[in-house]
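Quick notes on the structure that follows.
The values are calculated or read from the model by the stated rules, or taken from the named source; none is laboratory data. As the structure is a computational prediction, the values presented were derived from the model and not from experiment. Heads up, the Cβs are rebuilt from the backbone with ideal geometry, glycines too, and the neighbour counts pull from every protein chain shown. For accessibility, only protein heavy atoms count, side chains too; no ligands or nucleic acids. Shrake-Rupley method; radii C 1.70, N 1.55, O 1.52, S 1.80 Å.
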Amino acid sequence: MSQPNDDQTEHGANPPLESDSGPVSSAPEQLVVASDDPAGAHPPLPVLEYRTDDGVKLWTAGTLTYTIGGLALLFFWLLWGDFALSIRDRSVGPVVQLFLRREGVSNTLIAVLLSSLPPALGMFLGPIISYRSDRLRSRWGRRIPFLIIPTPIAAAAMVGIAFCPQIGDAIEHLLGGRYSNSHCTIAAFAFFWTIFEVAAIASASVFGGLINDVVPRPLLGRFFALFRAVSLADGMIFNYFLLQRAESHFFMLFLAIALVFGSGFLLMCLNVKEGSYPPPHALDSNQRERRGFFEAAKIYFSECYSHPHYLWCFAAITLGTITFLPINLFSIPFAKHMKIDLEQYGKFVTAGYFVSICLAYPIGSLVDRFHALRVGLVALSLYAISMAWAAWAIRDANTFCVALFLHTVLSGSCATATISLGLALLPRSKFSQFASAGGILTSLVTITVGPVIGSMLDWTNHNYRLTYVAGFLISCVAVLVLCVVYRNFLRLGGPKGYIAPGDSPTDIAVAPHPALRH
């Protein structure tokens, strides 16, 4: 892929195409697939993959055009970045859970720190970062700067978390023993955890936007299948080899995670190149750039929350996100409550991840063929059925392990099926902005759900089976909302003609040179 061009064209014109080896052409004509809609209600989509006269197959994503070699290189670096990111996300949560339990922290406080603080920060930071990212134009693109800056900050914060016990000792000594060592350690943890979450939110708000900008849409399902497979492989490595050592080797684990994440994600940022984008003022309806905070906020809320279709999309994505939260948040305490050691727990989770990896690519292929909405509905319905069984059946360690295995496999299948849902439904031209708007709703709900479940468990003397009851109820509501989204999706054109409201065909892909035949 070539270095992005700083000279942008006006919105609606076709900037030069770029490939893994340089520009392909700069013809302004639009090449489209013939429409089967005689009324013209749903405009035909641009060609997203085609062959040249000599039979070479090419794929487009915006102004970028890829050969098979360029596509393989793109996938390698994005998946390398996902490996580093997944090592962080898969490892930090369970290790922190064990650390906080060792320090005697209550279920409610664990829920506040791990499930309420991150979305509370994201609710304010995500929209600002996403809005600015959509409108940034630099020689590095509009996403990479927002990814490369927070990465070393997050890694440094993880190093700080690793030293929390020592820092807690120093604070206790400095304050003359007025506060217990545990309180001082938790205070130090809260400080570094907040910094870590701020940096993690900054990168998470933009990473999906980068994928949206550089990955050809006909390959999104299969790409995200590989994406999920890498993430699950990280989970297998952690749960099988490292989880059982998390309590005794907390310090070394956090240092290693910080090193792998920091170096790996930076390498991805340096090797993935973005294409060209329309000028930022073209994103605003009155065709002029707005810089004031309140004006920008007015545009943001007006664009994101004025269309009923997007409100239903946000609701579906939110419910899909929190469906797995009750069990993910308290599965380790539940395992300890059932007298299951961490080695056995890690092996069952690893087995579930292995099955999920085997299912990932077939599910991704189904998504590319039938759409994420259809496959997601089937997967989420199966998950709801499994949660109903688990809430009734869990009585001992054996039934818990079966329920945990089903949760791991089916939640992984749901995630693989729906991970590209936002990219398929939200406007491509302002993807990060709309994704963050959905994130606000997700944050508000998550802030509430985690502490409520934690308080419920404390109040019921740790009746952890209720987490499966909660998973069943939330997944049922998620299925109903997803059905409404699917109905709206069909009304707006369906798999062959859907263009997100507010987008145009040229926002989905810039057409290739007319000499290049479909």
*Tally time: how many residues in the stretch 448-475 are assigned to a helix (DSSP H, G or I) and open to solvent by less than 50 Å² (accessible area, probe 1.4 Å)?*
13
*Check off (1) touching a Leu at 6+ places or on another chain (Cβ under 8 Å); (2) among the β-branched types (Val, Ile, Thr); (3) modelled with pLDDT of 85 or more for residue 185 and give me the number that stays unchecked.*
(1)
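Whether any residue in the stretch 164-178 is open to solvent by 20 Å² or more (accessible area, probe 1.4 Å) and within 18 Å of the chain's Cα centre (by Cα) is what I want to check.
Of all residues in the stretch 164-178, those open to solvent by 20 Å² or more (accessible area, probe 1.4 Å) come to 165-167, 169-178.
Subsequent filtering for residues that are within 18 Å of the chain's Cα centre (by Cα) retains none.
Within the stretch 164-178 (the criterion being open to solvent by 20 Å² or more (accessible area, probe 1.4 Å) and within 18 Å of the chain's Cα centre (by Cα)), the answer is no, since none of the residues qualifies.
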*So residue 145 fits all but one of (1) free of Cβ contacts under 8 Å to residues at least 40 places away in the same chain; (2) surrounded by fewer than 22 Cβ atoms within 10 Å (Cβ to Cβ); (3) out of contact with any Ser or Thr (no Cβ under 8 Å at 6 or more places or on another chain); (4) not charged (D, E, K, R); what number is the exception?*
(3)
*Close pairs from the stretch 420-436: first under 12 Å from residue 211 (Cβ atoms), partner open to solvent by 10 Å² or more (accessible area, probe 1.4 Å) and of a type in the set (S, T, N, Q), Cβ under 9 Å, at least 6 apart*: 432/205; 435/205
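Considering 364, 346, 376, which residue is assigned to a helix (DSSP H, G or I), small (Gly, Ala, Ser), modelled with pLDDT under 85 and open to solvent by less than 50 Å² (accessible area, probe 1.4 Å)? So that I can check it myself, show each step before the final result.
Values: 364 fails: modelled with pLDDT under 85; 376 fails: modelled with pLDDT under 85.
Exactly one residue qualifies, and that residue is 346.
Among 64, 31, 48, which is modelled with pLDDT of 80 or more and either among the hydrophobic types (A, V, I, L, M, F, W, C) or crowded, with 20+ Cβ neighbours inside 10 Å (or both)? Quick ask: steps written out before the conclusion?
Numbers: 31 fails: modelled with pLDDT of 80 or more; 48 fails: modelled with pLDDT of 80 or more.
Sole residue among the options that is modelled with pLDDT of 80 or more and either among the hydrophobic types (A, V, I, L, M, F, W, C) or crowded, with 20+ Cβ neighbours inside 10 Å (or both): 64.
Could you check, for the stretch 152-160, whether at least one of its residues is part of a loop (DSSP other than H, G, I, E, B), surrounded by fewer than 17 Cβ atoms within 10 Å (Cβ to Cβ) and modelled with pLDDT of 85 or more? Please lay out each step first, then the result.
We begin by selecting, within the stretch 152-160, every residue part of a loop (DSSP other than H, G, I, E, B); these are none.
No, there is no match, as no residue in the stretch 152-160 is part of a loop (DSSP other than H, G, I, E, B), surrounded by fewer than 17 Cβ atoms within 10 Å (Cβ to Cβ) and modelled with pLDDT of 85 or more.
Pull up the stretch 238-254, narrow it to residues that are surrounded by 17 or more Cβ atoms within 10 Å (Cβ to Cβ) and of a type outside the set (S, T, N, Q), then point me to the one that is nearest to residue 98 (Cα to Cα). Please lay out each step first, then the result.
Our first condition is that a residue be surrounded by 17 or more Cβ atoms within 10 Å (Cβ to Cβ); within the stretch 238-254, this holds for 238-240, 242-244, 246, 250, 253-254.
Among the residues that remain, those that are also of a type outside the set (S, T, N, Q) are: 238, 240, 242-243, 246, 250, 253-254.
Values: 238: 14, 240: 16, 242: 13, 243: 10, 246: 7, 250: 9, 253: 13, 254: 13 Å.
Applying the filter and picking the extreme gives 246.
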*For residue 102, all conditions in the list (1) modelled with pLDDT under 60; (2) surrounded by fewer than 16 Cβ atoms within 10 Å (Cβ to Cβ); (3) among the charged types (D, E, K, R) hold save one; what is the number of the exception?*
(1)
*Of all residues in the stretch 161-183, which are in a helix (DSSP H, G or I), hydrophobic (A, V, I, L, M, F, W, C) and under 17 Å from residue 251 (Cα atoms)?*
161, 162, 164, 167, 170
